[in-house]
1. Find the residue count for segment 93-110, including only residues that are part of a strand (DSSP E or B), touching a Leu at 6+ places or on another chain (Cβ under 7 Å) and among the hydrophobic types (A, V, I, L, M, F, W, C).
2. Could you tell me how many of the residues in segment 177-205 are at positive phi and under 25 Å from the mean Cα position of the chain (by Cα)?
3. From 158, 186, 242, grab the single residue that is away from the ligand (no atom under 15 Å from the Cβ), over 21 Å from residue 125 (Cα atoms) and hydrophobic (A, V, I, L, M, F, W, C).
4. Which pairs have Cβ atoms under 6 Å, sit 6 or more apart or on different chains, and link a residue in segment 188-209 that is assigned by the TED database to the domain that holds residue 273 and modelled with pLDDT of 95 or more to one that is part of a loop (DSSP other than H, G, I, E, B) and of a type in the set (Asp, Glu)?
5. Please enumerate the residues belonging to segment 59-81 that are small (Gly, Ala, Ser), surrounded by fewer than 17 Cβ atoms within 10 Å (Cβ to Cβ) and closer than 19 Å to residue 143 by Cα.
6. Can you pull out the helices (runs of 4 or more DSSP H) entirely within segment 1-88 that have at least 3 residues that are closer than 20 Å to residue 235 by Cα and touching a residue at least 60 places away in the same chain (Cβ under 8 Å)?
Amino acid sequence: MKLLVTGGAGYVGSVCAARLVEAGHEVVVVDDLSTGHADAIPDGCKFVEADVSTAASELLSEPFDGVLHFAAKSLVGESMQDPQKYWQGNVVTSLRLLDAMREHGTPRLVFSSTAATYGEPEVTPITEDTATRPTNTYGATKLAIDHAITSYAAAHGIGAVSLRYFNVAGAHGAFGERHTVETHLIPIVLQVALGQREQVQIFGEDWPTADGTCIRDYIHVTDLADAHLLALESAAPGQHRIYNLGNGTGFSVKQVIDTCREVTGHPIPAKVAPRRAGDPATLVASSQRAREELGWTPQRADLEVIVRDAWEFTRQRQGS
Ligand code: UDP
């Protein structure tokens, strides 16, 4: 297939673009490099440096078989302080992309959605039928886009799939996480092992969990990318399907730090800090629907494998 990958210079976008190229697809990456890195774009992709909202219509005037839409603003804290950046950058940009797809009859869309659309659910594990009550602007914008996709798919025959990611981690060879502002647990812990930080802060030890620290569902970025390929193949005209992507197993912050200690051989000092605003105690996915309907089976669900691949990537980058 000939595919447009928006945000293909970012973490998940670059891994998916690499997987698509490996699978023999023709890939055009569009990215404004506001948070992505040009050298993260996999070999074999054509690259257009542009803002999706202004470039989509012209790009899609050439026939494409589908779009994988990753380009987005994705910092929860920033989304609360600067909502305009998120409503504009996520919702308005996605509407322009949908309009361009409608205008040119692009048949398939795979959208990078998030567990943040659910907010603080009362049930665990979270299924796709769990109520969506986002607690931050980032999650609200992603949910708004999901609603828009549902309408466009029904009215204009687009075959669409939204994938709601839980905690994406790990690396796919030379493609991994390189955020300028790092807020995620595993890369922060690995920065301590590399000597770039003195210690990791544990945000709260008084949560209603077995060891008192928050529980999250970590999914390997390569498994996540594989789900995108399956989603693309399964997209059915006029339908919008939504799938959670996680391993269905939760690990606490302390368990993550312990695994990082085992993998890196570094003592990784940790200090308990106050809770971080907006953090739910436990977020674990049921990905039953993705397994049944997409035939997706995560191959790298082991936390040690996830951390080992992230560590390998981090050390390679440090040496380069
Ligand atoms: N966390 C932490 N210290 C850090 C970063 C994160 O204790 O320096 C915790 C955070 O409170 C959450 C979990 O690690 O419970 C995962 O956070 P992350 O930001 O990686 O992902 P999120 O679940 O917020 O999307």
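1. Here is the first cut: in segment 93-110, the residues part of a strand (DSSP E or B) are 108-110.
After this cut, where a residue has to be touching a Leu at 6+ places or on another chain (Cβ under 7 Å) as well, the list is 108, 110.
Applying the additional criterion that residues be among the hydrophobic types (A, V, I, L, M, F, W, C) yields 110.
Residues that pass the stated criteria total 1.
2. Of segment 177-205, the ones at positive phi are 195, 204.
Remaining after also requiring under 25 Å from the mean Cα position of the chain (by Cα): 204.
Result for segment 177-205: 1.
3. Values: 186 fails: away from the ligand (no atom under 15 Å from the Cβ); 242 fails: over 21 Å from residue 125 (Cα atoms).
Every option except 158 fails the conditions.
4. The qualifying pairs are 188/182.
5. First, the residues of segment 59-81 that are small (Gly, Ala, Ser): 61, 66, 71-72, 74, 77, 79.
Now restrict to residues that are surrounded by fewer than 17 Cβ atoms within 10 Å (Cβ to Cβ): 61, 77.
Within segment 59-81, just 77 meets the criteria.
6. On the way: elements: 11-22, 52-60, 76-81, 83-86.
Fully inside segment 1-88 and qualifying: 11-22.
The values are calculated or read from the model by the stated rules, or taken from the named source; none is laboratory data. Just so it is clear, the structure is predicted and the values come from calculations on it, not from any experiment. Please note: Cβ atoms are built from the backbone with ideal geometry, for glycine as well, and neighbour counts cover all protein chains shown.
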